[in-house]
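Okay, so here's the structure we're looking at.
The values are calculated or read from the model by the stated rules, or taken from the named source; none is laboratory data. No experiment lies behind these values; they were computed from the predicted model shown. Counting neighbours? That spans all protein chains shown, and the Cβs are built from the backbone with ideal geometry, glycine included.
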Amino acid sequence: MTNSTDVDLPSETKRQAMLAFYIGILVMGFAGNSLVMAITTGKKQKRSVYDLFILNLAISDFSFIVFTMPINIVQKVNGIYKTLHYCQIVKPLLTIVYFLSIFTITSMAVHRCTLITNPHKRKIKMKSVYIWITLIWVLSFLIVLPLSIVANAENGNCKEDWPSLNHQKAYTVALFLMQFVFPLFIIAVAYLRIGTYLCRTRVPDSSLSDSKKKKAQRKKQENIQVIKTLALIVILFVICLLPGQIAWLLLDFGSARGLKVSTIIFHFSDILDSLHGCVNPIIYGLLTEQFRRKYVQYFTCCFTCGRQRHLREPKTQIAENTDNSMISTKRMRRLTCEVAQ
């Protein structure tokens, strides 16, 4: 076995493993986020503010899966010659999805904090929630707009043509602050207020009826469950997307050694970025009873419908064969009569 074979074999094995990984993420992310969107949009009762934020989060993850994963798969197979349109439109979409996710998560934390700490305050109108979500999308696009403007293609690769290195560093720091520091600070404050409020909340007064006690206790348990879900979403967001941000900071502010480290981190951050596109539906299924119950219903329906269709097909085929035989017999009889005449 030659040296070239020893080198090529692991490289080919790694390429096939990465290809299988991206295809798996594409299938899981597409199916999972589609299921979440179907559940939230198909609710018979009135959708809540929490449902709309979950729907927006699923749409952002679904957009990432649809626009990014196929490109990654093609790149692993044949490679991609990156054009100007790719660098200005497709590549910035990943950053837009980051902002959509973290802004939505932050909004969910702020809304839940307001709802728990001010239970008697008038609820937010659904019209205001739609405006809120629209502003999240508009703000995400506006923040990423400079990246599209300075993006350029050179020798099949994307590059950023900033007026100066200081402009590039300033934008990198701004992205880090807006994607992580500010949102996570707001989320931490919101969770701290929620935790303090729940710890201070007294047990329902003994003078209350049993039904009111149970209702208050159930409401508290629901709030705790939602907080656990949001906390896990935030933790996984940080785990999956923070390494990429650190790599960009090392790339722009680090030394030559920092450049090598950032290159290594980028390889892992690419995998984590892709993984983040399909983890949220799994979280909903593990921690939220509503989604877990709907998941079971959808999968049961798909299995049952598929099985019934499989069982009906032979009967249908027999009926069709019988009908065709009868028609052929009638035609033969008709021809016989015509010949006799």
**Complete:** Note on F62: of the conditions (1) modelled with pLDDT under 85; (2) assigned to a helix (DSSP H, G or I); (3) crowded, with 17+ Cβ neighbours inside 10 Å, unmet is (1)
**Prompt:** Which condition breaks for N152 when tested against (1) in a helix (DSSP H, G or I); (2) more than 21 Å from Q225 (Cα to Cα)?
**Reply:** (1)
**Request:** Taking the options N3, N118, name whichever one is farther than 22 Å from R292 by Cβ and at pLDDT below 80.
**Result:** N3
**Message:** So, N72, is that one part of a helix (DSSP H, G or I), of a type in the set (S, T, N, Q) and farther than 24 Å from W132 by Cβ or not?
**Reply:** yes
**Item:** Every residue from segment 105-147 that is among the polar types (S, T, N, Q) and more than 20 Å from M178 (Cβ to Cβ)
**Value:** T114, T117, N118, S128
**Asked** Restricting the first residue to segment 174-193 and requiring it to be part of a helix (DSSP H, G or I), which pairs with a second residue that is of a type in the set (A, V, I, L, M) and surrounded by 13 or more Cβ atoms within 10 Å (Cβ to Cβ) meet a Cβ separation below 6 Å and a spacing of at least six or different chains?
**Response** Q179/I102; P183/I102; I187/A109; I187/V234; A190/A109; A190/V110
**Fill in**
Those residues of segment 194-209 which are among the β-branched types (V, I, T), loosely packed, with under 13 Cβ neighbours inside 10 Å and either assigned to a helix (DSSP H, G or I) or modelled with pLDDT of 90 or more (or both) amount to T196
**Fill in**
Of the residues in segment 134-164, those that are in contact with a helix residue (DSSP H, G or I) (Cβ under 8 Å, 6 or more places away or on another chain) and more than 18 Å from L93 (Cβ to Cβ) come to D161, W162
**Selected residue [modelled with pLDDT of 80 or more, surrounded by 17 or more Cβ atoms within 10 Å (Cβ to Cβ) and either within 30 Å of K125 (Cα to Cα) or not aliphatic (A, V, I, L, M) (or both)] from N72, N56** = N56
